[in-house]
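For reference, the structure is listed below as structure tokens.
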Amino acid sequence: MVSDTLALGNDWAWSHHPSRVQGAVLAPERAVESEQTLVEKARAGDKQAFTDLVERYWTRLYRWLYHLTHNQHGAEDLAQETFLKAYGALASFRPGSNFRAWLYRIAYNNFVNHWREESRSRQPFPEQLAAPEQGPTEQVMSQETLRLLARAVGRLPPEFRAPFLLRVEEELSFRQIAAVLKITEETARWRVFKARQKLMNVLAPQLDREKP
Amino acid sequence: MNCEMVQRRLLASEKPDQPPSELADHLATCGSCQDWHRRLLQVELNIGLIPVPAVPFSRQSFLDRLNRNKALPMPKGELSSRRLLRWAYPLSGVAAATLLFIIFWKGHSERPVAEAAKKTARPDLVSSLLARDVKLAKASTSQERISELSKLAEDLQGETRHLARVAAPGDLLALANLYKRVVEDGIIKRATALPAKDRPKILKPIVEGLARVRLEAEDLAQEVPQAAASLQVIALAARKGNDDLTGLLAATKGGTQ
């Protein structure tokens, strides 16, 4: 399995989104078909199939929950609870529907039920971070800008942050985002719009400074 | 089409990196919007690079548990009870602590459980507790949670009584203290969150059950003196639970809560 964790030689290991890890590219059609098979098998009681689903979604789900909670342990607990609930509710999953959206809806419900009102103490941004060598180099930000971006994302209102990350990291459509967050498609579009607008306003000066 | 309109449409687009033709035409001729568009794509591209702290053990721990469906694994090098408790927290603070203790107790008790106890302990207790935790995690209402906690308490006090004659006193006492925690921190706390109209129907059977547990524990404590301390803990917890829930029902009936 492609490692998505960077060890920094201290107590913390930091991870990027799996899609941004070298070698993690999957053929979308094959991935979707494979997931449908896995879900069917899991619903039939195949534990290994559910294990494969957990392997597939654990890191990305945890990342999203971390961005919502700003708390490592909280995100970890919510991720575990989500998969546990999903395992127990497989029988209610409608075959053919979007498993990822279903999983994230469970996660979001857990977040709303258990965490939303908790005070959040943000984890510190790592002091050292090796920039991954992939993609157009001019598109990869400096550490300082990445730090600013992380802070700006963290300061987005949760109702904007959640759909924005579902759109950008999970590539869910506005319709799927609406289903996850139980809002209308138009509201999902509006919130992503506002999130992008805020981020662009905050980062514009820094990005201009870095412009080659 | 002016720049502001183009940028707003891109911000609202599902895929700003694939602008429709009318927007692409504008971008092709407007340097300012080209720069702006490039910054937008750069921002979105780098979102995935924002680091988050990794949790190397929790996924594997979860998977190990799922696949074994018997004992909960302990993360390598991290044997503290605090770590174990936090790992199981999402199930339910009380039920998870109980489940963890049961597993830890069976495998790692400081005073070895008597061979007779190991042989007579209900072999499906761990599986039933695991199933109970799955239901607890699935429970979405206070009623469902109280129902599962009540069953969990039954399992715990039943196990304690079952092992009263053979288990080490220290182990029994720890088991009894867990029963106490389930009743006081689980059932009683959640009972106050129940809608008033639902309380009689849900709580009356539990009240009756607690009264029965108290009497049975007190009786057994007289028969098995070596287990009296543990059985008294159960009896007292059951009595307190009974008193508190009875008081809550009376207050509900009187319209004060």
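The values are calculated or read from the model by the stated rules, or taken from the named source; none is laboratory data. The model shown is predicted, which means the values in this text are computed figures rather than measured ones. Glycine gets a Cβ as well: all are built from the backbone with ideal geometry, and neighbour counts include every protein chain shown.
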Worksheet, complete the sentence: Checked against (1) modelled with pLDDT under 85; (2) more than 23 Å from residue B:55 (Cα to Cα), residue A:116 satisfies every condition except (2)
Practice prompt. Kindly provide the set of residues from the stretch A:61-86 that are more than 7 Å from chain B (Cβ to nearest Cβ), surrounded by fewer than 22 Cβ atoms within 10 Å (Cβ to Cβ) and assigned to a helix (DSSP H, G or I), ordered by number.
Written response: A:74
Worksheet item: Conditions: (1) facing another protein chain (nearest Cβ under 8 Å); (2) at pLDDT 90 or above. Residue B:3 meets all but one. Number of the miss?
Response: (1)
Worksheet item: Do we find that residue A:170 is touching a residue at least 60 places away in the same chain (Cβ under 8 Å) and within 13 Å of residue B:44 (Cβ to Cβ) in this structure?
Response: yes
Response to the item:
Of those in the stretch A:154-172 that are facing another protein chain (nearest Cβ under 9 Å) and at pLDDT 95 or above, the residue surrounded by the fewest Cβ atoms within 10 Å (Cβ to Cβ) is A:168
Practice prompt. Tell me which of these residue A:136 doesn't satisfy, since it passes every other one: (1) under 18 Å from residue A:68 (Cα atoms); (2) modelled with pLDDT under 95.
Written response: (1)
Item to complete: Spot the failing condition for residue A:52; the list is (1) under 19 Å from residue B:51 (Cα atoms); (2) touching a residue at least 12 places away in the same chain (Cβ under 8 Å), and only one is missed.
Response: (1)
Item to complete: Could you tell me whether residue A:49 is in a helix (DSSP H, G or I), among the small types (Gly, Ala, Ser) and in contact with a Phe, Trp or Tyr (Cβ under 7 Å, 6 or more places away or on another chain)?
Response: no
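Which of the helices (runs of 4 or more DSSP H) contained wholly in the stretch B:85-204 include at least 3 residues that are at pLDDT below 75? Working first, answer last.
Details: elements: B:93-108, B:115-120, B:125-138, B:142-162, B:169-181.
Answer list for the stretch B:85-204: B:93-108, B:115-120, B:125-138.
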Discussion item. For residue A:160, only one of the following conditions fails: (1) in contact with a helix residue (DSSP H, G or I) (Cβ under 8 Å, 6 or more places away or on another chain); (2) within 15 Å of residue A:63 (Cβ to Cβ). What is its number?
Written reply: (2)
